[in-house]
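Working notes, beginning with the structure itself.
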Amino acid sequence: MVPDPSLPLELGFMALVLVVALVVVLLVRRAGGPAGPVAIGFAVYLTAYFVLGVSGLIADAAPPRPLLVLGPALACSLWFALRSRAGEALVAHAPMAALVGLHAFRVPLELMMHAWAQEGALPRQMTFAGLNWDILTGVGALVLLPFAARSRIGVLLWNIVGLALLINIVTIAITSIPGPLALFTSDPPNLLVMRAPYIWLPTFLVQVALAGHIVVFRALRRRRDLP
């Protein structure tokens, strides 16, 4: 049985999710988008996945059922970034520095994941002590922040690397789940993210990162005035 992280880490994770959700809502509002509907949508979305995590329907199921939860989450992420009025507002009007800076949340997230692994709740390969270097995206966002509004090539390169690192950790996470796709058999397996509140990691935080990269690509293409 994979243990839950300690209470401070659990509360810290929940706080991070709520802060990221609030920041996205505020960014949409600043960009002139529908902040109210986005806030309501986030509340419903997070509650639904929390209930799913509490129910045990996927935590106690054999693959590939646990992976099916990513389908609706991915669909929502792509719709937000490519088709929604909120995503369009961010592409057109959100400051580039804000779009880049949003990804700074990946620094505290990776620090938490490292701490989870030290407590035996997450496999080591999913942390920066193993094969997950996604923390570099968050650090890069902070370094690039002062220059984001005047360095198209810098933002583009950072965004490409960040997306590649995101794909890397998602691949590692999927292949760390026991089942036919498993490539890693070390203990503990990747089961924590099937329980509440940690189900928000793949279904919300990963999706925010993915949608964020797509929005940055779209903004770079749209804003020809960016040097």
Problem set entry | Residue list for region 81-103, filter: aliphatic (A, V, I, L, M) and either over 24 Å from residue 26 (Cα atoms) or surrounded by fewer than 18 Cβ atoms within 10 Å (Cβ to Cβ) (or both) | 82, 92, 97, 98
For this session: Restricting attention to region 162-220, report how many residues are within 12 Å of the chain's Cα centre (by Cα) and of a type in the set (Val, Ile, Thr).
Result: 7
Problem set entry | Selected residue [within 17 Å of residue 200 (Cα to Cα) and either among the hydrophobic types (A, V, I, L, M, F, W, C) or over 15 Å from the mean Cα position of the chain (by Cα) (or both)] from 81, 104, 86, 121 | 121
Exercise. Do the conditions hold for residue 182, that is, is it at pLDDT below 95 and either small (Gly, Ala, Ser) or touching a strand residue (DSSP E or B) at 6+ places or on another chain (Cβ under 7 Å) (or both)?
Worked result: yes
Exercise. Which one of these does residue 158 not meet: (1) in contact with a helix residue (DSSP H, G or I) (Cβ under 8 Å, 6 or more places away or on another chain); (2) free of Cβ contacts under 8 Å to residues at least 12 places away in the same chain; (3) not acidic (Asp, Glu)?
Worked result: (2)
Problem set entry | Yes/no for residue 153 being under 25 Å from residue 49 (Cα atoms), assigned to a helix (DSSP H, G or I), β-branched (Val, Ile, Thr) and open to solvent by 40 Å² or more (accessible area, probe 1.4 Å) | no
Problem set entry | Filter result for residue 7 (open to solvent by 60 Å² or more (accessible area, probe 1.4 Å) and under 19 Å from residue 213 (Cα atoms)) | no
Exercise. Only one of these conditions is not met by residue 224: (1) closer than 15 Å to residue 95 by Cα; (2) surrounded by 14 or more Cβ atoms within 10 Å (Cβ to Cβ). Which number is it?
Worked result: (2)
Exercise. So which residues in region 122-150 are in a loop (DSSP other than H, G, I, E, B) and open to solvent by 40 Å² or more (accessible area, probe 1.4 Å)?
Worked result: 128, 131, 133
Problem set entry | helices (runs of 4 or more DSSP H) enclosed by region 1-119 - at least 2 residues per element that are touching a residue at least 12 places away in the same chain (Cβ under 8 Å) and closer than 30 Å to residue 145 by Cβ | 7-30, 35-55, 70-82, 85-93, 96-101, 106-118
For this session: Identify all residues within region 46-78 that are open to solvent by 40 Å² or more (accessible area, probe 1.4 Å) and aromatic (Phe, Trp, Tyr); write none if there are none.
Result: 50
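Yes or no, residue by residue, for (1) in contact with a Lys or Arg (Cβ under 6 Å, 6 or more places away or on another chain); (2) open to solvent by 20 Å² or more (accessible area, probe 1.4 Å); (3) in contact (Cβ under 8 Å) with a residue 24 or more places away in the chain; (4) not in a helix (DSSP H, G or I):
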residue	(1), (2), (3), (4)
164	no, yes, no, no
171	no, yes, no, no
180	no, yes, yes, yes
186	no, yes, yes, yes
196	no, yes, yes, yes
202	no, yes, yes, no
206	no, yes, yes, no
212	no, no, yes, no
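The values are calculated or read from the model by the stated rules, or taken from the named source; none is laboratory data. Here the structure is a predicted model, which is why all the values come from computation and not from measurement. Here Cβ is always computed from backbone atoms with ideal geometry, including for glycine, and neighbour counts include all displayed protein chains. Please note that ligands, DNA and RNA were not included when accessible areas were found on the heavy atoms of the full protein model with its side chains. Shrake-Rupley method; radii C 1.70, N 1.55, O 1.52, S 1.80 Å.
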